[in-house]
Amino acid sequence: MADELKTELETYERKKADLLAQAGKFTVIKGDGVIGIFDSYGDALRAGYEKCGLTPFLVKKIQAVEPLNLITRDFALPCLTSPSH
């Protein structure tokens, strides 16, 4: 499954210049092909299931700049699941 996601992300990067004309919308990618571009995540997901069934596919928001997602842990907080609480 990881190889499929890698292929679909590579497809997105290869086609990104053309897709950017539709920035803000969502694309569905299966393997090396773009299935379509949709106004909402829900519409894209629905189309992905209609075209691909239960096989993996990628739904991705078309963006010029990918957001940076920072995930951190604040180790100064006490563990609420420890036996001493």
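Some notes on this structure:
- Test: residue in the range 4-18 that is touching a Phe, Trp or Tyr at 6+ places or on another chain (Cβ under 9 Å) and touching a residue at least 12 places away in the same chain (Cβ under 8 Å): yes
- Residue count, the range 2-38 (criterion: surrounded by 14 or more Cβ atoms within 10 Å (Cβ to Cβ), charged (D, E, K, R) and touching a strand residue (DSSP E or B) at 6+ places or on another chain (Cβ under 9 Å)): 5
- Residue within the range 6-13 that is on the phi < 0 side of the Ramachandran plot, part of a helix (DSSP H, G or I) and either touching a Ser or Thr at 6+ places or on another chain (Cβ under 9 Å) or basic (K, R) (or both) present: yes
- Filter result (of a type in the set (K, R), assigned to a strand (DSSP E or B) and out of contact with any Gly (no Cβ under 9 Å at 6 or more places or on another chain)) within the range 33-69: K60
- Boolean, Y41 is surrounded by 14 or more Cβ atoms within 10 Å (Cβ to Cβ), within 14 Å of the chain's Cα centre (by Cα) and modelled with pLDDT of 95 or more: no
The values are calculated or read from the model by the stated rules, or taken from the named source; none is laboratory data. Everything numeric in this text was worked out from a predicted model, so none of it was measured. We place every Cβ from the backbone using ideal geometry, glycine too, and count neighbours over all the protein chains shown.
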